[in-house]
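**Q** I am attaching a structure below and will ask some questions about it afterwards.
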Amino acid sequence: MTDGTLITLISVGVTFLFMMGVPVLLVIFYWVVGCSFVTGLPLLNAGSELLNVFKNGFALLAMPLFILTGDLINQSGIARRLSDFAYSCLGWLRGGLAMAAIGACGLFAAISGSNSATTATIGSMLHPEMVKGGYDERFSAATAAAGGTVGIIIPPSIIFIVYGFLMSLPISDLFIAGIVPGALMVLAMMVACFIICTINGWGILIRLSFIRVLKTAIGAWLGFFAIGLVLWGIYTGKFSPTEAAGVTVGFCIVVGLASFPLNKIMGSDADTPVEDKSVLSMFVVEGFTLFSIPRIVSRSAQITGILAPLIAVSVVMQQQLSDLGAKEVIGGFVMGMGGYYAVLFTSMIIVFFSGMVLESLPVTIILAPILAPIAASVGIDPIHFSVIFLVGASIGFITPPYGLNLYVASGVTGVPYFRLLRYTVPYLAALLGVWILVALVPDLALMLLPNR
Amino acid sequence: MSIVAEAGDVVTAILSQDPWEMKTAFKTNGMWLFSLILTFVGGFAAVALYRVVPFLERHLERGISVLMYLIIAWIIFSGVVDRFVFSRQVPWSTTIPPYLFMIMAWFGCAYNVKLRTHLSFNEFRMKMARPMQMFALSVDAVLWTGFCWIVVSTTLLIAANSADNFAIVAGTDDMMQWWFIATMPLAFTLMAGRVIGNWMIDWANFRSGDVLIQQAVIGADV
């Protein structure tokens, strides 16, 4: 039996394991082990890479810290304030609450860097209110799932960190390049949401009130400050992304701890309607106590304990693929398609279909080192390509069978996975539209980078 | 030399506490036998420990992960404050956190094994007949154990290599890299304990007719 046949059999075998429900981490690891036996690569290589990924990965440290930031802004009540602000701005439109959920996802994503954290936070916060407001529960869950996709495009973003780490690109440039495409994704999903809600007559309209908008904007000032801090630090080069993440964590902890007693003194709580709150109390969020920090960190540690090992085994798989000559095979195929646009769209199709069956991190770690050099060789700007690649990877979060955000949304809303699929279609169409636009107009990604 | 004799040499090398001897012994095939036994014995010991001290069952890996998380955040945050306020920065503020991240990641991984929250495509498994579900859970257990076995074996060698080379963490005077690397086989031994513990629960559920597979929710236990 040839090596090629054996590797095909191993790939079929691990696909079977995946379909049986074996964790993705193990599926990838055993593919690596199987291929190591075929190619004669010692298993020591796999073991040492599981260690080296972290040992040499200071940049990767931004990932757990931005996950923690997401949990801290959620627990401190800042996320709630951001969603209140989004609702007061959009509640007068048909489907306003659903659009506010998407807007809140965008704001949340500008502080946190995780898609699943965005979906889980906004979904659990706004799903009950949307159902109460007359929205179909499947649509509501699909909105949270789709809104979460911007979590990894609007900076800071975990996946941009991983991409920059792998491809030796400046992570701060990647972050900045994600701003406009991320905003476009939010806008496109809002338009899709507005159309669907108008057709179905969903949502209760509230009056657009300048006072309410101003009050909720004041209430969300800490969120805006955190967003500004991250963007300012990275944009001006004062912090590396990892340091920006550390600073944001520190900021959120200080704010959370300081707010708790102040909020108690003011006597307002999270359930008090915005109208009944004094302007002064809007300056302070609910906060948390010192004793609740381990509980908050524990949740972040759990998510990191899922994602970080997955990154490590994906890096090992990428190396194995490289040894097997996958780069040359895929490269030859993609290059054979023709010039600039053919390479661009073939790459996009590969990313899209990979995103349907794999989590975005393995997709990025495995495919980016193969596709990015090919794209560069036909003249696609590396930063532009990274944005195209990652917008595609983010769309994979809502494409079945393996759409992570769909699972998360299903988990936090209780709507069964298969039942919410139908309602993701309009969002999927909107995101695909933005994806193609970003691919065709490089300036959308590069306009904020003066040196490009 | 037989594999059993080589495994015996591994034990002798560990007892000698000489990194060079350990490194040499760990490179033999006997290391695979030794680490297989270590993974199982360590795993069962962890299960026994969790039974005797339920507090550790609930908090051991999670506690380690949380502690590492907080230390990382503190080192990076204070590093930035140091730079901006005092115009200085300790040299290890960018070299130690990655090692702590490694510890956090693998102990966190073990904790997620306990909670069964690692990402997977469960749709078909949920619809399987009970015996098939039990079979699938057993396949998981075998695969996790194999994973632990391979990593315990290879990272012990890496730790011994590092100790033999006197590799020091950059930015420190005397902090050895192997101190951190040695936590990996420990994390994977604890992970093996979680795998064994989970399988025992699955088997008991299978025999009693209880539900075998439940939808895991991230963060539901905190």
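The values are calculated or read from the model by the stated rules, or taken from the named source; none is laboratory data. Since this is a predicted model, take the numbers as computed values, not measurements. In this analysis, Cβ positions are derived from the backbone assuming ideal geometry, glycine residues included, and neighbour counts consider all displayed protein chains. We work out accessible area using only protein heavy atoms, side chains counted, and drop any ligands, DNA or RNA first. Shrake-Rupley method; radii C 1.70, N 1.55, O 1.52, S 1.80 Å.
**Q** Please enumerate the residues belonging to the range A:143-179 that are open to solvent by 20 Å² or more (accessible area, probe 1.4 Å) and not in a helix (DSSP H, G or I).
**A** Passing the criteria: A:ILE154, A:SER168, A:LEU169, A:PRO170.
**Q** Further question: Would you confirm, using the coordinates I've provided, whether A:GLY4 is of a type outside the set (D, E, K, R), more than 10 Å from chain B (Cβ to nearest Cβ) and either crowded, with 19+ Cβ neighbours inside 10 Å or touching a helix residue (DSSP H, G or I) at 6+ places or on another chain (Cβ under 8 Å) (or both)?
**A** So A:GLY4 does not fit the description; no.
**Q** It is to be established whether one or more residues within the range A:283-298 are polar (S, T, N, Q), at pLDDT 90 or above and closer than 14 Å to A:GLY77 by Cα.
**A** There is at least one residue in the range A:283-298 that is polar (S, T, N, Q), at pLDDT 90 or above and closer than 14 Å to A:GLY77 by Cα.
**Q** Right, here's the next one. With the requirement that a residue be over 19 Å from the mean Cα position of the chain (by Cα) and in a helix (DSSP H, G or I), what does the range A:229-245 give you?
**A** A:LEU229, A:TRP232, A:GLY233, A:TYR235, A:GLU243
**Q** Let me ask another. Looking at the range A:359-377, is at least one residue among the hydroxyl-bearing types (Ser, Thr, Tyr), touching a His at 6+ places or on another chain (Cβ under 8 Å) and within 13 Å of chain B (Cβ to nearest Cβ)?
**A** no
**Q** Just for the range B:1-36: of the residues that are in contact with a helix residue (DSSP H, G or I) (Cβ under 9 Å, 6 or more places away or on another chain), within 25 Å of B:ALA167 (Cα to Cα) and polar (S, T, N, Q), which one is least open to solvent (accessible area, probe 1.4 Å)?
**A** B:SER35
**Q** Mind checking which residues of the range A:361-378 are open to solvent by 10 Å² or more (accessible area, probe 1.4 Å) and farther than 18 Å from A:LEU324 by Cβ? Lay out the reasoning, then the answer.
**A** Looking only at the range A:361-378, we keep the residues that are open to solvent by 10 Å² or more (accessible area, probe 1.4 Å), and these are A:366-367, A:369, A:372-374, A:376-378.
Selection gives A:ALA372, A:ALA376, A:SER377, A:VAL378.
**Q** Something else about it: Taking the condition over 14 Å from the mean Cα position of the chain (by Cα), of a type in the set (S, T, N, Q) and under 30 Å from A:MET167 (Cα atoms), does A:ASN52 pass?
**A** yes
**Q** Of all residues in the range A:281-317, which are among the polar types (S, T, N, Q), in a helix (DSSP H, G or I) and either open to solvent by 30 Å² or more (accessible area, probe 1.4 Å) or without any contact (Cβ under 8 Å) to a residue 60 or more places away in the chain (or both)?
**A** Across the range A:281-317, the qualifying residues are A:SER281, A:SER298, A:GLN302.
**Q** Next question, about the same structure. Is one or more of the residues making up the range B:38-51 among the polar types (S, T, N, Q) and within 12 Å of chain A (Cβ to nearest Cβ)? Steps first, please.
**A** Looking only at the range B:38-51, we keep the residues that are among the polar types (S, T, N, Q), and these are B:39.
Narrowing further to those that are within 12 Å of chain A (Cβ to nearest Cβ): none.
The answer is no; no qualifying residue exists.
**Q** Just checking, does the range A:254-276 include any residue being assigned to a loop (DSSP other than H, G, I, E, B) and buried (at least 19 other Cβ atoms within 10 Å of the Cβ)? Lay out the reasoning, then the answer.
**A** Here is the first cut: in the range A:254-276, the residues assigned to a loop (DSSP other than H, G, I, E, B) are A:267-273.
Then drop every residue that is not buried (at least 19 other Cβ atoms within 10 Å of the Cβ), which leaves none.
Among the residues of the range A:254-276, not one is assigned to a loop (DSSP other than H, G, I, E, B) and buried (at least 19 other Cβ atoms within 10 Å of the Cβ), which makes the answer no.
**Q** Name the residues in the range A:44-56 that are of a type in the set (S, T, N, Q) and crowded, with 19+ Cβ neighbours inside 10 Å, would you?
**A** Of everything in the range A:44-56, just one residue is of a type in the set (S, T, N, Q) and crowded, with 19+ Cβ neighbours inside 10 Å, namely A:SER48.
**Q** The conditions are (1) surrounded by fewer than 20 Cβ atoms within 10 Å (Cβ to Cβ); (2) touching a residue at least 12 places away in the same chain (Cβ under 8 Å); (3) more than 23 Å from B:MET191 (Cβ to Cβ); (4) facing another protein chain (nearest Cβ under 8 Å), and B:PHE124 fails exactly one of them. Which is it?
**A** (2)
**Q** Here is a follow-up. When the range A:19-43 is examined, which residues are found to be in contact (Cβ under 8 Å) with a residue 60 or more places away in the chain, open to solvent by less than 30 Å² (accessible area, probe 1.4 Å) and of a type outside the set (S, T, N, Q)?
**A** A:VAL24, A:LEU25, A:ILE28, A:PHE29, A:TRP31, A:VAL32, A:CYS35, listed by residue number.
**Q** Which members of the range A:350-359 meet the condition of being open to solvent by 10 Å² or more (accessible area, probe 1.4 Å) and part of a helix (DSSP H, G or I)?
**A** Answer for the range A:350-359, where residues must be open to solvent by 10 Å² or more (accessible area, probe 1.4 Å) and part of a helix (DSSP H, G or I): A:ILE350, A:PHE352, A:PHE353, A:SER354, A:MET356, A:VAL357.
**Q** Do we find a residue being free of Cβ contacts under 8 Å to residues at least 12 places away in the same chain, within 28 Å of A:LEU41 (Cα to Cα) and open to solvent by less than 10 Å² (accessible area, probe 1.4 Å) anywhere in the range B:154-167?
**A** yes
**Q** A further question follows. In the range A:379-402, how many residues are in a loop (DSSP other than H, G, I, E, B), modelled with pLDDT of 90 or more and open to solvent by 10 Å² or more (accessible area, probe 1.4 Å)?
**A** Residues in the range A:379-402 being in a loop (DSSP other than H, G, I, E, B), modelled with pLDDT of 90 or more and open to solvent by 10 Å² or more (accessible area, probe 1.4 Å): 2 in total.
**Q** Of (1) crowded, with 20+ Cβ neighbours inside 10 Å; (2) over 28 Å from A:LEU406 (Cβ atoms), A:ALA342 satisfies all except one. Which?
**A** (1)
**Q** If a residue must be open to solvent by less than 40 Å² (accessible area, probe 1.4 Å) and farther than 22 Å from B:PHE107 by Cβ, how many such residues does the range B:61-92 contain?
**A** 4
**Q** Which condition number in (1) under 22 Å from B:ALA48 (Cα atoms); (2) open to solvent by less than 30 Å² (accessible area, probe 1.4 Å) is the one that B:MET200 fails?
**A** It fails just one condition, (2).
**Q** Suppose we filter the range A:297-353 for residues that are hydrophobic (A, V, I, L, M, F, W, C) and within 8 Å of chain B (Cβ to nearest Cβ); how many remain?
**A** From the range A:297-353, those hydrophobic (A, V, I, L, M, F, W, C) are A:297, A:301, A:303, A:306-308, A:310-313, A:315-317, A:321, A:324, A:326, A:329-330, A:333-335, A:337, A:342-345, A:348-353; that's our starting set.
This time we only want the ones that are within 8 Å of chain B (Cβ to nearest Cβ), so: A:297, A:301, A:303, A:306, A:308, A:310, A:312.
Count: 7.
**Q** Something else about it: Suppose we filter A:ALA59, A:ALA110 for residues that are open to solvent by 20 Å² or more (accessible area, probe 1.4 Å), within 24 Å of B:ILE76 (Cα to Cα) and not polar (S, T, N, Q); which single one remains?
**A** A:ALA59
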